[in-house]
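S.K.: The structure that follows is given in the form of structure tokens.
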Amino acid sequence: MCDMPWNKSGFFEGEVSLHEGLKMAKTDNGIRICQGLLILGNVVIGMCGIALTAECIFFVSDPHGLYPLLEATENNDIYAAAWIGIFVGFALLALSILGIVGVMKSSKTLLLVYIILMLITYAFEMASCITAATHRDFLTPNLFLKQMLERYMKSDTDNNNDKQMTEGVTKTWDNLMLQNQCCGVHGPLDWQEYTSAFRMTHNDADYPWPHNCCVMNTRSEPINLDGCKLGVPGFYNSNGCYDAISGPLNRQAWGVAWFGFAILCWTFCVLLGTMFYWSRIAY
Amino acid sequence: MELLGVLLALAGMDAAAGLALLPYVPRVAPGAMPGKVTATTFVLERPRCIFDPFANASDAVWLAVAFADASAAFKNPTSSAEVPPYEGLPTARAYMTLQMAAAAYGCSAPGAAVLRVGGDTACHGRAPCNGPLPSPGPYRVKFLLMGCGGPKAETKWSDPILLRRARSLSTIDPTPARRSSTAVVIAAILASLGAALAMAVLGAVGTQLCVPLCRRGLGAHLPYRTHHVPPALPHTLPPACVCGCTPRPPGPCPTK
């Protein structure tokens, strides 16, 4: 009955553990909730990473064949943004798995590695989003108009690079005009209102605009060449190709920019939660 | 005598002309056709029925094209041999082209409702040549009905027709009008999120490094012990208590 030793006796131990047990149960619940939320956040990040990779692979594969136009403007940064998106998507998937493992094991080292690598990935994805959003603004109708007039069917090319870009632009425009039944950027009068490289080799009387602007029959010949030269409705394509160009490019730029933005907002929250969890883990 | 000669010559000219002036004014074809006036060609409406009272089967209708400032000085040729050719346009400032049988302008004549001036790029020196026009003009045109003996009927001169003049493509300015607000919003929000993350990381790492240094005053988990300062009391369990007694600090047994 003398002063109790400070090591626990059986009864003492019981009462103390009850108090402590309640406290631990509460923090245990809190930890579990925190872990659950972080794991959920990382699962979402992983799935978004896969989606981002798939979307960017689709854009880079250039299903509409518009890449030569951008290459010739020497402003193909929205393709660079899509390439970065592919690798960021893979990184997000791998890091989300690392994060899930780190949270389940409550390992401070793993989570520190996770946070640092996520920050690097975050920086890359930020660059990709901002690049896609800002360079979209450069793709104006006048840009494509000037390029088309300068390069379509240009005959005297300076060097190999110039020749390749010219061939790319010519082929792309021919495909565009045939497949979308359109002519020029705003319309066939683009060829009349401005001088062009096309005009150097094709005289105005025979070719007021390229013959690809004419309505074609099944054998790829104009159904009425004279009607096409005059501009008789029904024998030529009167609408411009700008919509056929800007539609896919806009979707690409905004797809990369906005989806990346959404992923980054979510990742921001998950990273904050992870840092909070990491700082509360005891070694 | 000389005066008589001049009078006879004038009368002869009039008789030789025998010229009927038709009230028709040639005009560029109506209708929405973007190619009706280009840089080197233009399209006229084909007049119908107007030559029928005057035309024989062997007559031909020509189109006279002259620069607008030279149309007043234009003299009708007296025969088909004296028709000014296409190649003489820069010097004579007029030429005649589009020779067609008068029947082509009949009331029920088949064929297109328009005539394209300047559409033939393959005629070289072969008269009559409907070659492309060399300059933007402006031009005036009139139709001339020519028989074996000379012109029989003519229309009025048209209004001046100005051809297109292409602007240089270097006048096209490809720079965008202004930065779109969406790009600015995305860039601003992302930059601030990135900065917040960086600061959060620095804060978290800094707190972790700081813990052993910052908690010196509380005395817990000190890495050193000195001789003078006794080791601090660790956090302890609440004072021991036996069921039924009040908690008391350790000490020697109270003498009971």
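The values are calculated or read from the model by the stated rules, or taken from the named source; none is laboratory data. As the structure is a computational prediction, the values presented were derived from the model and not from experiment. Neighbour counts are summed over all protein chains in view; Cβ atoms, including those assigned to glycine, are modelled from backbone coordinates with ideal geometry.
S.K.: What residue, among those in segment B:105-123 that are over 35 Å from the mean Cα position of the chain (by Cα) and hydroxyl-bearing (S, T, Y), is surrounded by the most Cβ atoms within 10 Å (Cβ to Cβ)?
M.R.: Within segment B:105-123, the subset over 35 Å from the mean Cα position of the chain (by Cα) is B:105-110.
Next, from what is left, pick out any that are hydroxyl-bearing (S, T, Y): B:105, B:108.
Numbers: B:Y105: 21, B:S108: 7.
Filtering first and then ranking leaves B:Y105.
S.K.: In segment A:81-104, how many are surrounded by fewer than 18 Cβ atoms within 10 Å (Cβ to Cβ) and either within 19 Å of A:N250 (Cβ to Cβ) or at pLDDT below 90 (or both)?
M.R.: Of the residues in segment A:81-104, 1 are surrounded by fewer than 18 Cβ atoms within 10 Å (Cβ to Cβ) and either within 19 Å of A:N250 (Cβ to Cβ) or at pLDDT below 90 (or both).
S.K.: Within the group A:I31, A:I78, which residue is modelled with pLDDT under 90, assigned to a helix (DSSP H, G or I) and within 30 Å of A:S107 (Cα to Cα)?
M.R.: Values: A:I78 fails: within 30 Å of A:S107 (Cα to Cα).
After applying the criteria, what remains is A:I31.
S.K.: If the Cβ limit is 8 Å and pairs must be 6+ apart or interchain, which residue in segment A:255-283 that is in a loop (DSSP other than H, G, I, E, B) pairs with which residue that is among the hydrophobic types (A, V, I, L, M, F, W, C)?
M.R.: Cβ pairs passing all conditions: A:I281/A:L111.
S.K.: Tell me, yes or no, whether segment A:127-149 has at least one residue that is of a type outside the set (D, E, K, R), outside any helix (DSSP H, G or I) and surrounded by fewer than 20 Cβ atoms within 10 Å (Cβ to Cβ).
M.R.: Looking only at segment A:127-149, we keep the residues that are of a type outside the set (D, E, K, R), and these are A:127-135, A:138-145, A:147-149.
This time we only want the ones that are outside any helix (DSSP H, G or I), so: A:138-140.
Within this subset, residues satisfying the condition of being surrounded by fewer than 20 Cβ atoms within 10 Å (Cβ to Cβ) are A:138, A:140.
There is at least one residue in segment A:127-149 that is of a type outside the set (D, E, K, R), outside any helix (DSSP H, G or I) and surrounded by fewer than 20 Cβ atoms within 10 Å (Cβ to Cβ).
S.K.: If B:A101 satisfies all but one of (1) buried (at least 16 other Cβ atoms within 10 Å of the Cβ); (2) small (G, A, S); (3) in contact (Cβ under 8 Å) with a residue 24 or more places away in the chain, what's the number of the condition it fails?
M.R.: The failed condition is (1).
S.K.: Does segment A:153-163 include one or more residues that are crowded, with 16+ Cβ neighbours inside 10 Å and not in a loop (DSSP other than H, G, I, E, B)? Reasoning before the result, please.
M.R.: Pass one, segment A:153-163, residues crowded, with 16+ Cβ neighbours inside 10 Å: A:153-154.
Pick out the ones that are also not in a loop (DSSP other than H, G, I, E, B) and you get none.
The answer is no; no qualifying residue exists.
S.K.: Let me ask you something else. Mind telling me which of the residues B:R167, B:R126, B:R140 ends up being within 9 Å of chain A (Cβ to nearest Cβ) and either without any contact (Cβ under 8 Å) to a residue 12 or more places away in the chain or crowded, with 16+ Cβ neighbours inside 10 Å (or both)?
M.R.: Working: B:R126 fails: within 9 Å of chain A (Cβ to nearest Cβ); B:R140 fails: within 9 Å of chain A (Cβ to nearest Cβ).
After ruling out the rest, the residue left standing is B:R167.
S.K.: Does A:G260 count as of a type outside the set (A, V, I, L, M, F, W, C), within 23 Å of A:V44 (Cα to Cα) and within 34 Å of the chain's Cα centre (by Cα)?
M.R.: Numbers: of a type outside the set (A, V, I, L, M, F, W, C): yes; within 23 Å of A:V44 (Cα to Cα): yes; within 34 Å of the chain's Cα centre (by Cα): yes.
Yes, satisfied.
S.K.: Of the residues that make up segment B:74-95, is at least one within 14 Å of chain A (Cβ to nearest Cβ) and touching a residue at least 12 places away in the same chain (Cβ under 8 Å)?
M.R.: So the first thing to find is which residues in segment B:74-95 are within 14 Å of chain A (Cβ to nearest Cβ), and the list is B:86.
Next cut, touching a residue at least 12 places away in the same chain (Cβ under 8 Å) only: B:86.
Yes, that holds for at least one residue.
Residue-by-condition table, conditions (1) under 30 Å from A:D28 (Cβ atoms); (2) of a type in the set (V, I, T); (3) in contact with a helix residue (DSSP H, G or I) (Cβ under 6 Å, 6 or more places away or on another chain):
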site	(1), (2), (3)
A:T53	no, yes, yes
A:M126	no, no, yes
A:A132	no, no, yes
A:F138	no, no, no
A:P141	no, no, yes
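S.K.: When you look at A:M200, is it in contact (Cβ under 8 Å) with a residue 24 or more places away in the chain and either touching a helix residue (DSSP H, G or I) at 6+ places or on another chain (Cβ under 8 Å) or surrounded by 15 or more Cβ atoms within 10 Å (Cβ to Cβ) (or both), yes or no? Step through it out loud before you land on a result.
M.R.: Working: in contact (Cβ under 8 Å) with a residue 24 or more places away in the chain: yes; either touching a helix residue (DSSP H, G or I) at 6+ places or on another chain (Cβ under 8 Å) or surrounded by 15 or more Cβ atoms within 10 Å (Cβ to Cβ) (or both): no.
No.
S.K.: Look at A:I115 and say whether it is assigned to a helix (DSSP H, G or I), modelled with pLDDT of 90 or more and surrounded by 15 or more Cβ atoms within 10 Å (Cβ to Cβ). Step through it out loud before you land on a result.
M.R.: Details: assigned to a helix (DSSP H, G or I): yes; modelled with pLDDT of 90 or more: yes; surrounded by 15 or more Cβ atoms within 10 Å (Cβ to Cβ): yes.
Against the criterion (assigned to a helix (DSSP H, G or I), modelled with pLDDT of 90 or more and surrounded by 15 or more Cβ atoms within 10 Å (Cβ to Cβ)), A:I115 qualifies.
S.K.: Now a separate question. Going residue by residue through segment A:153-167, is there one that turns out to be of a type in the set (G, A, S), touching a helix residue (DSSP H, G or I) at 6+ places or on another chain (Cβ under 7 Å) and facing chain B (nearest Cβ under 10 Å)? Lay out the reasoning, then the answer.
M.R.: Of the residues in segment A:153-167, the ones of a type in the set (G, A, S) are A:155.
Next, only the ones that are touching a helix residue (DSSP H, G or I) at 6+ places or on another chain (Cβ under 7 Å) stay: A:155.
Adding the requirement that they be facing chain B (nearest Cβ under 10 Å) leaves none.
Looking through segment A:153-167, none of the residues is of a type in the set (G, A, S), touching a helix residue (DSSP H, G or I) at 6+ places or on another chain (Cβ under 7 Å) and facing chain B (nearest Cβ under 10 Å).
S.K.: To continue, here is another question. Report the residue count in segment A:199-238 for those that are within 12 Å of chain B (Cβ to nearest Cβ) and either in a loop (DSSP other than H, G, I, E, B) or under 19 Å from B:F42 (Cβ atoms) (or both). Even if it seems obvious, please write down each step before you answer.
M.R.: In the first step, residues of segment A:199-238 are kept if they are within 12 Å of chain B (Cβ to nearest Cβ); the result is A:199-200, A:202-209, A:213-214, A:224-238.
Of the ones still in play, those that are also either in a loop (DSSP other than H, G, I, E, B) or under 19 Å from B:F42 (Cβ atoms) (or both) are A:199, A:202-209, A:224-238.
Adding up the residues that qualify gives 24.
S.K.: If you don't mind, there's one more thing I want to ask. Taking the criterion of being closer than 18 Å to A:N75 by Cα and touching a strand residue (DSSP E or B) at 6+ places or on another chain (Cβ under 9 Å), would at least one residue in segment A:147-168 satisfy it?
M.R.: Yes, some residue in segment A:147-168 is closer than 18 Å to A:N75 by Cα and touching a strand residue (DSSP E or B) at 6+ places or on another chain (Cβ under 9 Å).
S.K.: Only residues that are more than 23 Å from A:L176 (Cβ to Cβ), more than 9 Å from chain B (Cβ to nearest Cβ) and out of contact with any Asp or Glu (no Cβ under 6 Å at 6 or more places or on another chain): list them for segment A:126-149, please. Before the answer, list the steps.
M.R.: Going residue by residue through segment A:126-149, those that are more than 23 Å from A:L176 (Cβ to Cβ) are A:126-131, A:133-134.
So of that shortlist, the ones also more than 9 Å from chain B (Cβ to nearest Cβ) come out as A:127-128, A:131.
Those that are more than 23 Å from A:L176 (Cβ to Cβ), more than 9 Å from chain B (Cβ to nearest Cβ) and out of contact with any Asp or Glu (no Cβ under 6 Å at 6 or more places or on another chain): A:A127, A:S128.
S.K.: Moving on to the next point. State yes or no: is A:W258 crowded, with 22+ Cβ neighbours inside 10 Å and not hydroxyl-bearing (S, T, Y)?
M.R.: Working: crowded, with 22+ Cβ neighbours inside 10 Å: no; not hydroxyl-bearing (S, T, Y): yes.
So A:W258 does not fit the description; no.
S.K.: Criterion first (outside the structural domain of A:D77 (by the TED database) and not hydroxyl-bearing (S, T, Y)) does A:G234 satisfy it? Before you say what the answer is, go through the steps one by one.
M.R.: Values: outside the structural domain of A:D77 (by the TED database): yes; not hydroxyl-bearing (S, T, Y): yes.
Spelling it out, A:G234 is indeed outside the structural domain of A:D77 (by the TED database) and not hydroxyl-bearing (S, T, Y).
S.K.: Filtering segment A:34-72 down to residues that are among the small types (G, A, S) and not in a helix (DSSP H, G or I), which residue is modelled with the lowest pLDDT?
M.R.: Just the residues of segment A:34-72 that are among the small types (G, A, S), to begin with: A:36, A:41, A:46, A:49, A:51, A:54, A:61, A:65, A:72.
In the following step, the residues that additionally are not in a helix (DSSP H, G or I) were identified as A:61, A:65.
Values: A:S61: 93, A:G65: 90.
Selected residue: A:G65.
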